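Colleague: Questions regarding the structure given below will be posed in turn.
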Amino acid sequence: MQIKESTEVYDVIIVGSGAGGGMATKQLADAGLNVAVVEAGPFFDPADPKTMTQLKWSYESPRRGAGTTRAFGEWDMAYGGWEIEGEPYTHEEGTKFDWFRSHMLGGRTNHWGRISLRFGPKDFKGKTRDGHGDDWPIGYEDVKPYYDKVDKLLGVFGTNEGLENDPDGFFLPPPKPRLHELFYIEGAKKTGIPVIPSRMSMLTKKINNDRGVCFYCGQCGRSCSVYADFSSGSCLIFPAQKSGGQVKIFVNSVVREITTNEEGKATGVSYISKDDRKEYKLKGKVVVLAASACSSARILLNSKSKQHPNGLGNSSDVVGKYLHDSTGSSRAGFIPGLMNRDVSYNEDGVGGMHVYSPWWGDNSKLDFPRGYHIEVWGGMGMPNYGFGWNPNEFNKFFNLPIGGYGDSLRDDVKKYYGSVIGFGGRGEGIARKENYCEIDPTTVDQFGIPVLKFNYKWSDLEKKQAKHMQATFEELIHNMGGTPLGDTPTKEQDYGLLAPGRIIHEVGTTRMGDDPKTSVTNKYQQLHDVDNVFIVDAGPFVSQADKNCTWTILALSWRASDYIIEQLKQQNI
Amino acid sequence: MDRRKSIQTIILGAGAAGLAFHGCKTEGDSKVGEEMVQTDEKYFGRTPEELELIQKLNEEELFNAHELETIAVLSTVILPPKEPHGGPLEANVPEFIEFMGKDIPELQTTLLGGLMWLDHKCNTEYGTEFKTATLEQQKAILDTIAFHDPEVPLEEQALELQFFSLMRGLTVTGYYTSKVGIADLGYKGNMPNVWDGVPEAVLEKHGMAYDPEWVAKCVDQSKRGVIAEWDENGNLLT
C-alpha cells in the first residue's frame, strides 16, 4: 500500500481542535496563514439539530439519560470517555491513571465545566515558594496580556476581587446565587472560608453579534447551540473560517507521527483516515501539536527517525514525564433546611456553580504544600437515570422507615428533591518526573499506532490535601445544619482522593523550560530540538495550579501563536 | 415490529388495561427566549453508532408477555397512579425497565430471577401468580421484601430484597424521568428563561436573603443584550 501524500504545503498543520488547537487556528488563520486542522473525531457543530442534546428531555431517550455510551450521561457532549473501544492504554503494575479522551471537533471543550480561572503570580513560581517541583520560565506578567485578550474574545463572567493569587480580569457580570448557594455562602462564613462569584465562560451578556446570550438551561455540558458558552469549534474555529481565513479541517483523521527530513526538521504529519483506514501524509512548514497533553506526547514518542531516535523533541528524555492531574475529592451532604422545596420557579441557571471558594489557606502552616478550590453543586435539576434510587433514604435522619412502596414515595421524592449539596475539592498536585506516560511497545490501537502506558502514583502530599478537603467539607455541611452523606473516607481510601486522570486536567508531559536538558519546549512552546514544531495544549505546563487549566491553555496558545507568526515573518522557521 | 412500541400493546391487551390511568394531561409552558433556540424532535443527539446500538436493543426481547404484565402490575403497586399525572404505565415504566435490562445486562439476573421468585412465593402462599393475586396478597408479599436493612450493603442481602430495591429504583426513576412524572414533580426547567435570582417568597420561606453588595455585582438582565465594554482596568462600562 502506498501512503497518499498531499501536494499542497500548508503554512501550519494543527493537530487537535480543542482549546489549544482552536485558539492557534483562530490566531494563525486570522494572520493570513494557510492552516490545516487535523482532528481524530467527526465534525461537530453545537447548533446542528441532529447531534444536539441541549433541551432534550430525559424521556426522549429509552435509557433516560443513563451513561451507557457516555461517561457523564448520554446528554453529555463528549464523544469518547475513559475507555474507547479499539484505542486502549496500559498501566505499569500497581499504578493508576484514567485517561479521558473526546474525539470530535472542539474536543473536550464541548462538554467541559467552563470554570475559567487564571493562574496567579504564585502559581508560576512553585519551587521558589515552597521548594517543590519547578518554577516556570515565565511569570504571570508574561501571560496577563493574553488572559486579558482571552477574556474579551471569548467571554467569562466573574468579579474583580483584588485577590493576590486569583487575579482580576475583564469579566461579564455573574448570575445571582441559587438557594443552595446562599446556604453555602452562610455556611462558609461561619468557618471563615471566602466565597465569591464563580468565573465561568458563559455569556451572561452579549460580547459580539455572532454569539447568543445565555438562556439559563444549565446544560453547558451539552454544548450550547446558540454559542453562549465557550466551545472551541463554535467560538474559535468557525469564526476563523467565517472571517475568511484559510482553514481546512481534516476530520476522522488520527495522527500517527510527525514526519521529518534529513536535517531533522518537521515536514508534516502522517495520519490514518478512520473513513477508509488508509494512511495519508500532509505537508506543512510548521506543525503545532494540540492533541492533549498525553496524545501529543504519544505522537512525539512515536515520531522516531534516524535524526530523532528517542522520539521527536525527546533528546532530554523528558517527553511524557511530569504528567500530573488536579487532585480531586468530593463529598455530599443532606441539608434539612433545603427540604420541601418550592418548585414554582426554574433555577437551572448556568451549567454548574454560580459561586465558589478560591484557596484561602496558608500552606506554610499546613502539612501539604499546595491549595485547592471548592466547587459547589446542588439544586432542583432535571431528573435523569438514577433519580429514583433510594427515594426515601433520608428518612433515616428522622427515624422513619426506609423503603416501602405506595403513594408515600411520591411525597418522599418531593420532600427531599433539591435537599442535597455537594462539594468538589480541586487542588494542585506536585509535578514529578516519576509520574509519566511512555510508549507500550507490546500494544497498538486499531490503527496500528503504539499506545501509551501510564505510570502514576499520588504521594502523601496529595493524600494529606484530600484529608483536609474532607474535613473542610464536613465542617461546611455541619455549618449548614446538614449531615455528610456516607462515611468519612479513610487513610486506606486515600481520603477519597480520586485516581489520577479523573479530574481531566492532565498536564505537564512536554514541559517548558530554559534548559533543553530538563525540558521539552522553550518558553514559547517551541521544541528545543526542532524549531518548526510547537505544542499548544497543556503539555508544556510546568505545574498545574489549584485552577482549572483551560483558560491558561488558551492564553498560552495565543502567546505561542503570536511567536509563530513573528518567527515566520522573520523567516527564522 | 419495534419491541418498544409492542410492549404497551402486550400489557394493555393482556388485561392490565385497568391499571392505566385515564384522562391524564400535561401542558407545556412557553417561556421567554424560546425563539433563540431551535430544537428538532426527530433527533435526540445520538451518534450513528449510538443509534445502531439502540436499534439493536429495541429488537431484542428480554421479558415474555407474562413477565411484562407482572412488571406492569408490580410497578403500579409500587407507585400507584394518581390524578392528574398518572402512574408507571403512562410513564412507560415497563418499556423503560425492559430497555435498561438489555442496556445494562448486569441487571438481568436480578430482574428475571426476582420475577420468578415473586410468582413462586405467591403460588406457595396463595396458589396464584403475582399478577392475578389480590392487592392485599400482593402487598403482603411485598411487605416482606420492601424494607431492607440500610446498614447492610444491598449486595449482601437476599435476592428478593435486591430485586425489590432495583424494581422500586427503576419504577421511581422511570416515572420521574417521564413527561407525566416531571409534571408531577413540578420541575420547571429545561427551557429558555432569564435567571434573575430566587423569588422573594422562597428566600423568606428558607430564612435566606441576598447580600445587597453581592447582588450589585450581578448581571443586570435588562442589559444582557448590550455588548460588553470595559475600561482599561476591567470595569464593565455597559
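FYI, it's all coordinate maths here, none of it is from the lab. A quick note: this is a predicted structure, and the numbers were derived from the prediction, not measured. Here the Cβ positions follow ideal geometry from the backbone for every residue, glycine too, while neighbour counts run over all protein chains shown.
Colleague: Bin width 10 Å, alpha-carbon pairs only: give the P(r) of chain A as whole percents, running from 0 to the bin holding the largest distance.
Modeller: Computed distribution, short to long bins: 3, 18, 29, 27, 15, 6, 2, 0.
Colleague: Sort the range A:232-373 into rounded, prolate or oblate with this rule: let a ≥ b ≥ c be the square roots of the eigenvalues of the Cα gyration tensor; rounded if a/c is under 1.5, and if a/c is not under 1.5, prolate when a/b is larger than b/c, oblate otherwise.
Modeller: Working: a/c = 3.07, a/b = 1.67, b/c = 1.83.
Note, shape of the range A:232-373 comes out oblate.
Colleague: Calculate, for A:THR443 and B:ASP40, the FRET efficiency according to 1/(1 + (r/R0)^6) with r their C-beta to C-beta distance and R0 45 Å; round to the nearest 0.05. Don't jump to the answer; show the numbers that get you there.
Modeller: Numbers: r = 42 Å, r/R0 = 0.92.
About 0.60, to the nearest 0.05.
Colleague: Got a sec? Charge dipole of the protein assembly as shown, +1 on Cβ for Lys and Arg, -1 for Asp and Glu; which of A:PRO145, A:MET480, A:GLY406 is way out at the positive end?
Modeller: Farthest along the dipole direction, towards plus: A:PRO145.
Colleague: Still on this structure: By its C-alpha gyration tensor, with a ≥ b ≥ c as the square roots of the eigenvalues, how is the range B:49-145 shaped: rounded for a/c under 1.5, else prolate for a/b larger than b/c, else oblate? Provide the component values of the computation, followed by the final result.
Modeller: Working: a/c = 2.66, a/b = 1.51, b/c = 1.76.
The shape class here is oblate.
Colleague: Here is a further query. May I ask for the percentage of alpha-carbon pairs in the range B:162-211 that lie more than 18 Å from each other? Don't skip to the answer; put the middle values down first.
Modeller: Values: 701 of 1225 pairs.
Looking at the range B:162-211, the distances longer than 18 Å represent 57 percent of pairs.
Colleague: B:LEU135 versus A:THR7, label points 7 Å from Cα toward the beta carbon: distance in nm?
Modeller: Result: 8.1 nm between the two label points.
Colleague: Taking the alpha-carbon centroid of each part, what is the distance from the range A:133-173 to the range A:52-128 in angstrom?
Modeller: 24
Colleague: Under the 0.36 nm per residue contour assumption, what length would be gained going from the current alpha-carbon distance of B:GLU59 and B:ASP196 to full extension? Don't skip to the answer; put the middle values down first.
Modeller: On the way: separation 137, 0.36 × 137 = 49.32 nm, distance 4.65 nm.
Taking 0.36 nm per residue and subtracting the Cα distance, the gain is 44.7 nm.
Colleague: Okay, moving on. Can you give the relative contact order of the range A:457-556 as a percent, counting alpha carbon pairs under 8 Å and 6+ residues apart?
Modeller: 20
Colleague: Please list, ordered by chain and number, the residues whose modelled amide H lies under 5 Å from the amide H of A:LYS50; skip anything fewer than 5 residues away on the same chain.
Modeller: none
Colleague: Still on this structure: Over all residues in B:202-211, what is the mean tally of Cβ atoms on other chains that come within 10 Å of each residue's Cβ? If you can, show how the numbers build up before the last one.
Modeller: Details: counts 7, 2, 0, 4, 11, 4, 9, 2, 4, 4.
Mean partner-chain Cβ count within 10 Å for B:202-211: 5.
Colleague: State, to one decimal in nm, how far the label point of B:GLU52 lies from the label point of A:ASP460, with both points 7 Å from Cα in the Cβ direction.
Modeller: 5.2
Colleague: Something else: Compute the helix-to-body angle for A:460-479: its Cα long axis versus the longest principal axis of chain A, expressed 0 to 90° and rounded to tens.
Modeller: Taking Cα atoms only, the helix is inclined about 30 degrees.
Colleague: Which FRET efficiency, nearest 0.05, do A:LYS50 and A:ASP342 yield, Cβ-Cβ r, R0 41 Å? It would help to have the intermediate numbers written out before the result.
Modeller: Details: r = 37 Å, r/R0 = 0.91.
Here the calculated transfer efficiency is 0.65.
Colleague: Return the equivalent ellipsoid semi-axes of the range A:1-90 as a descending list in whole Å, where each equals the square root of 5 times an eigenvalue of the C-alpha gyration tensor. Display every interim value, and only then the final one.
Modeller: Values: eigenvalues 215, 70, 29 Å².
For the range A:1-90, the ellipsoid semi-axes come out as 33, 19, 12 Å.
Colleague: So if a site counts as exposed when it's one of the trypsin sites (Lys or Arg not before Pro), its DSSP state isn't H, G, I, E or B, and it has at most 11 other Cβ atoms within 10 Å, what's the longest stretch of chain B without one? Display every interim value, and only then the final one.
Modeller: Numbers: sites that count: B:LYS25, B:LYS42.
With trypsin sites (Lys or Arg not before Pro) excluded where exposed in loops, chain B gives B:43-238 as its longest stretch.
Colleague: Relative to the compact-globule scaling 2.2 N^0.38 Å, provide the ratio for the alpha-carbon radius of gyration of the range A:1-51. Walk me through the intermediate numbers first.
Modeller: Details: Rg = 13.6 Å, N = 51, 2.2 N^0.38 = 9.8 Å.
Relative to the rule-of-thumb radius for its length, the range A:1-51 sits at 1.39.
Colleague: Which residues among the range A:472-502 fall inside the zone where the amide N is under 20 Å from a point 7 Å beyond the Cα of B:LYS205, along Cα→Cβ?
Modeller: A:481-482
Colleague: Additional query: Work from the charge dipole of the protein assembly as shown (Cβ charges, +1 for Lys and Arg, -1 for Asp and Glu, about the Cα centre) and give the residue of A:ILE335, A:GLY212, A:GLY245 farthest towards its positive end.
Modeller: A:GLY245
Colleague: Where a Cα-Cα gap under 14 Å defines reach, which aspartates and glutamates qualify for B:LYS42, not counting those fewer than 8 residues away within the same chain?
Modeller: A:ASP48, A:GLU60
Colleague: Something else now. Which residues among the range A:260-284 fall inside the zone where the amide N is under 14 Å from a point 7 Å beyond the Cα of A:LYS306, along Cα→Cβ?
Modeller: Of the residues in the range A:260-284, A:260-265 have backbone N under 14 Å from the label point off A:LYS306.
Colleague: Moving on to the next point. How many nm is it between the label spots at B:LEU107 and A:ASN261, if each spot is 7 Å from the Cα in line with the beta carbon?
Modeller: So the two model labels end up 6.0 nm from each other.
Colleague: Going toward the positive end of the dipole of chain B, with +1 on Lys and Arg Cβ and -1 on Asp and Glu Cβ, which of B:GLN108, B:TYR187, B:ALA91 do you reach last?
Modeller: B:ALA91
Colleague: Under a Cβ-only charge scheme (Lys and Arg +1, Asp and Glu -1), can you give me the dipole magnitude of the range A:261-388 about the Cα centre, in debye to the nearest 20?
Modeller: Values: 15 positive and 13 negative charges, 151 e Å.
So the dipole magnitude of the range A:261-388 works out to roughly 720 debye.
Colleague: Right, another one. If you wrap a convex hull around the C-alpha atoms of chain B and split its volume per residue, what is the figure in Å³? If you can, show how the numbers build up before the last one.
Modeller: Numbers: hull volume 55.4 nm³, N = 238.
Considering the Cα atoms of chain B, their hull volume per residue is 233 Å³.
Colleague: Taking H placed 1.01 Å from N in the peptide plane, check which residues at least 5 places from B:TRP230 or on another chain put their amide H under 5 Å from its amide H.
Modeller: Sorted by chain and number, the residues that satisfy this are B:LEU237.
Colleague: Nearest 10 degrees, 0 to 90: what angle lies between the long axis of helix A:550-569 and the longest principal axis of chain A (Cα atoms)?
Modeller: 20
Colleague: Size of the dipole of the range A:497-573 about the Cα centre, Lys and Arg at +1 and Asp and Glu at -1 on the beta carbon, nothing else charged, in debye to 20? Mind showing how you got there, number by number?
Modeller: On the way: 7 positive and 9 negative charges, 32 e Å.
Here the range A:497-573 has a charge dipole of around 160 debye.
Colleague: Okay, moving on. Please say if the range A:73-131 is rounded, prolate or oblate, where rounded means a/c under 1.5 for a ≥ b ≥ c the square roots of the C-alpha gyration tensor eigenvalues, and otherwise the choice is prolate for a/b larger than b/c and oblate otherwise? Walk me through the intermediate numbers first.
Modeller: Numbers: a/c = 3.43, a/b = 1.41, b/c = 2.44.
Cα axes put the range A:73-131 in the oblate bin.
Colleague: Same structure, new question: Mind checking which lysines have their Cα closer than 16 Å to the Cα of A:LYS4? Skip sequence neighbours fewer than 8 apart in that chain.
Modeller: A:LYS4 reaches A:LYS274, A:LYS278, A:LYS281, A:LYS283.
Colleague: Only helical DSSP H runs with n ≥ 4 go in: add -39500 (n - 2.57) per run for chain A, normalise by residue count and round the 222 nm mean residue ellipticity to 500 deg cm²/dmol. Please report the intermediate quantities before stating the final value.
Modeller: Details: 9 runs with 109 residues, N = 573.
The per-residue figure over chain A is -6000 deg cm²/dmol.
Colleague: For the range A:187-259 and the range B:158-225, what is the separation of their C-alpha centers, rounded to whole Å?
Modeller: The distance from the Cα centre of the range A:187-259 to that of the range B:158-225 comes to 25 Å.
Colleague: Using only helices, what value at 222 nm comes out for chain B when you add -39,500 (n - 2.57) per DSSP H run of length 4 or more and divide by the total residues, to the nearest 500 deg cm²/dmol?
Modeller: Details: 10 runs with 112 residues, N = 238.
Theoretical 222 nm ellipticity from helices: -14500 deg cm²/dmol.
Colleague: Suppose we take every Cα in the range A:373-469 and form the convex hull; what volume per residue is that in Å³?
Modeller: Details: hull volume 21.4 nm³, N = 97.
Taking the convex hull of the Cα positions in the range A:373-469, it is 221 Å³ per residue.
Colleague: Angle check, please: helix A:179-191 long axis (alpha carbons) against the longest principal axis of chain A (alpha carbons), in degrees 0 to 90, nearest 10.
Modeller: Tilt relative to chain A: about 90 degrees.
Colleague: Moving to a separate point now. Can you return the aspartates and glutamates within cross-link range of A:LYS26? Criterion is Cα-Cα under 16 Å, with same-chain partners fewer than 8 residues away left out.
Modeller: Candidates past the 8-residue exclusion: A:ASP11, A:GLU39, A:ASP151, A:ASP210, A:ASP537, A:ASP562, A:GLU566.
Colleague: Whole Å is fine, so just give me how far the alpha carbon centre of the range A:304-380 lies from that of the range A:434-448.
Modeller: Cα centroid to Cα centroid, the span is 27 Å.
Colleague: Okay, next question. To the nearest 20 debye, what is the magnitude of the charge dipole of chain A about its Cα centre, counting +1 on the Cβ of each Lys and Arg and -1 on the Cβ of each Asp and Glu? Please report the intermediate quantities before stating the final value.
Modeller: Numbers: 66 positive and 71 negative charges, 125 e Å.
That gives a dipole near 600 debye.
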